[in-house]
Amino acid sequence: MQLSTTFRHMDGSQAVREYTADKLDKIRKYFKGPISAHAVFSVERGFHHCVDLSITLPSGLVVNAKETTEDMYSSIDLATARIERQVRRWKDKIRDHKPHGGPAATVRELVIPADEIEPRPTAPESASPSAPAEPAASPGYRIIKDERVTARSMTVEDAVMQLNLLGDEILVFTDADTEATTVLYRRPDGNYKLIATTTGKAPGSSGGSPAR
């Protein structure tokens, strides 16, 4: 397994790198073909030891886990254990997964600060009526993250698997059946919701009114 590492807010450690490589090698048995992995190690506030592990499979699937403890080795243990649990759960679908050659869209992903876009607290009703009104906030907002991501072509079933393997709350992909750029996320009731942002071909499934 090819492992690349990044150290942030801490000195690079060969011992940490070798420990991670050894842990990941034990997961190697679940996969076929060459595998690449990237590990990001960081220390936040002096005692939060964070590890972000990503494994990229030959089929294009990505398995990811993030953990934070007060000890880097413990964080590595938890992250690799989480990856192994996910891989065991989806191992049959991972083994059968084949990448789709359909079109892929490019999506712009932005992060904006909540405190600059949400309404500010209003003054209590008991405030003096003669107090001057607070001036309106200037239009616009800051962007604290701006990047382009690829909405890979995959089936809905593969998108559900990829969402779980990433441990994310939302996934944007190109539906291989409809060629529509689609958003997938897990609802509070545990089910999944699909939102098609564009319409390509008509879906092959029949169907009924959409679930709410």
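The values are calculated or read from the model by the stated rules, or taken from the named source; none is laboratory data. Quick caveat, the model's predicted, so the values are computed rather than measured. Ideal geometry is used to build each Cβ from the backbone, glycine not excepted, and the neighbour counts take in all protein chains shown.
Can you say whether D11 is assigned by TED's automatic domain parsing to the domain that holds R88 and part of a loop (DSSP other than H, G, I, E, B), as far as the supplied structure shows?
Values: assigned by TED's automatic domain parsing to the domain that holds R88: yes; part of a loop (DSSP other than H, G, I, E, B): yes.
Spelling it out, D11 is indeed assigned by TED's automatic domain parsing to the domain that holds R88 and part of a loop (DSSP other than H, G, I, E, B).
With (1) of a type outside the set (G, A, S); (2) in contact (Cβ under 8 Å) with a residue 40 or more places away in the chain; (3) part of a strand (DSSP E or B) as the list, and H100 as the residue in question, which single condition is left unmet?
The one condition H100 does not meet is (3).
Spot the failing condition for G60; the list is (1) in the same structural domain as D146 (by TED's automatic domain parsing); (2) in a loop (DSSP other than H, G, I, E, B), and only one is missed.
(1)
For R108, only one of the following conditions fails: (1) of a type in the set (K, R); (2) free of Cβ contacts under 8 Å to residues at least 12 places away in the same chain; (3) over 20 Å from D158 (Cα atoms). What is its number?
Against the list (1) of a type in the set (K, R); (2) free of Cβ contacts under 8 Å to residues at least 12 places away in the same chain; (3) over 20 Å from D158 (Cα atoms), R108 comes up short only on (2).
Give the residue, chosen from T150, T181, T155, T197, that is crowded, with 19+ Cβ neighbours inside 10 Å and among the β-branched types (V, I, T).
T181
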